[in-house]
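One structure is given here, and the rest of the page talks about it.
None of the figures in this text is laboratory data; all of them are computed from the coordinates on show. Remember, predicted model here, so these are calculated numbers, not experimental data. Neighbour counts run over all protein chains shown; Cβ positions are idealised from the backbone, glycine included.
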Amino acid sequence: MRVRAYAAPAAGQPLAPTTIERREVGPNDVLIEIRYAGICHSDIHTVNGDWGPQPFPVVPGHEIVGTVTEVGSSVTRHGVGDLVGVGCMVGSCGECASCRNGDEQYCREGMVPTYAGTDRDGTTTQGGYSTHVVVDADYVLAVPDGLDPAAAAPLLCAGITTYAPLRRWDAGPGRKVAVVGLGGLGHMAVKIAHALGAEVTVLSQSLKKQEDGLRLGADHYHATSDPATFEQLAGHFDLVLNTVSAGIDLDAYLGLLAVDGTLVNVGAPAAPLSVNVMSLIGARRSFAGSMIGGIALTQEMLDFCAEHGIGAEVEVIPAEQVNEAYERVLASDVRYRFVIDAATLG
């Protein structure tokens, strides 16, 4: 079926309206009429070519919420009329150790990304900046009642990207958690860490978002542009979650960790970061990375957010404003996630 979409024709080129082909609904497929698609910084990195060559034209978007309009003959988990979500992956081998353990995002054969990847039929996957998408039912999530569909869309990437490490490194009562950056990822990390019961501190370049940070659930807020911050908080945190996509002084942030503390990077800067090993061995600290979560954990995250009334802070825009939105994201001029209203695709 032909559907309307916004695509990047080449690296660094503005997105433009187009039509794309979606495959026929197979036995284990779900056809989704998209209602909302979040704009992730990863979308911008991809279409700008920051992460290497891409199979242009590319329709970005891996924060998708919509309504099921057709299901394949073998599908039992979802039905017509259900509100569902699709995140950063739409396939994996299903057989390797990672897939068997529920970590499909770390599939040894390589997960199939929602866009700019190679689908099971050899075609290029195209994402959520479109009116419809066909997805294997095993990679479709149920959006619980009580979640606003627009605010739920960013949970499919920003939500699970922060929930996964917070759960993995035991953020909760009695734990001191720092969130570096209060953007699309960071504001979700604050909300989720607070709901998990941790003592939450925001570390941001300035104090201009302090009021927001405290409103979202932070207990403390410090400016990293002030050298006194790193002196005052040295050895203080059990977990530091770095959500920014720009380069940072890893050694300075590692110095904020207590013995056995962990700095987890979820932001994906275009350039490599360096670390002095003495920053690690001097206090048995760890530096780790984390990328989204498996399907089961993503469903757990959605259910948790529904239970605690957590959604993203969003600015809903018509599709024709997508290029302006990209510019504003790069200028940090959004609080805190743009979401495209797919009905405006015409």
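Below is a table of values for the structure above.
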| item | result |
| --- | --- |
| Length added when fully stretched, Phe56-Arg23, from 0.36 nm per residue minus Cα-Cα | 10.0 nm |
| Full-stretch length increase - Asp170, Cys93 - with 0.36 nm per residue and alpha-carbon distance subtracted | 24.8 nm |
| Hypothetical label at Asp249: residues of segment 187-216 whose amide nitrogen lies under 15 Å (7 Å Cα-Cβ projection) | 204-206 |
| Pairwise FRET efficiency - Glu307 versus Asp138, Cβ, R0 = 25 Å, nearest 0.05 | 0.55 |
| Added length on full extension, which subtracts the Cα-Cα distance from 0.36 nm per residue, Thr229 to Val259 | 8.9 nm |
| Packing-based ranking, highest mean first, of 115-124, 234-243 given that Cβ atoms within 10 Å are counted | 234-243, 115-124 |
| Prolate/oblate/rounded label for segment 1-138 (Cα gyration tensor, a/c 1.5) | oblate |
| Neighbour-count order for Val277, Val244, fewest beta carbons within 10 angstrom listed first | Val277, Val244 |
| Cα pair distances in the chain, grouped into 20 Å bins until the bin that holds the longest one, percent each | 32, 58, 11, 0 |
| FRET efficiency for Leu214 and Thr123, using Cβ-Cβ distance with R0 set to 41 Å, rounded to 0.05 | 0.30 |
| Cα-based shape type of segment 193-245, given that a ≥ b ≥ c are square roots of the gyration tensor eigenvalues and the cut on a/c is 1.5 | oblate |
| Sum of -39500 (n - 2.57) over DSSP H runs of 4+, divided by residues of the chain (222 nm, nearest 500) | -6500 deg cm²/dmol |
| Rounded tilt (10° steps) of 184-196 against the dominant C-alpha axis of the chain | 70 |
| Bins of 10 Å, starting at 0 and running to the largest distance - Cα pair percent for segment 202-321 | 11, 33, 36, 18, 3, 0 |
| GluC sites (Glu not before Pro) within segment 93-180, DSSP loop, no more than 13 other Cβ atoms inside 10 Å | Glu95, Glu109 |
| Where the Cα pairs of segment 107-227 fall when distances are cut into 10 Å bins, in % | 12, 33, 28, 20, 6, 0 |
| Ranked list, fewest to most other Cβ atoms within 10 Å of each Cβ, for His41, His78, His220 | His220, His78, His41 |
| Electrostatic dipole magnitude of the chain [Cβ: Lys, Arg +1; Asp, Glu -1; Cα centre; debye, to 20] | 360 |
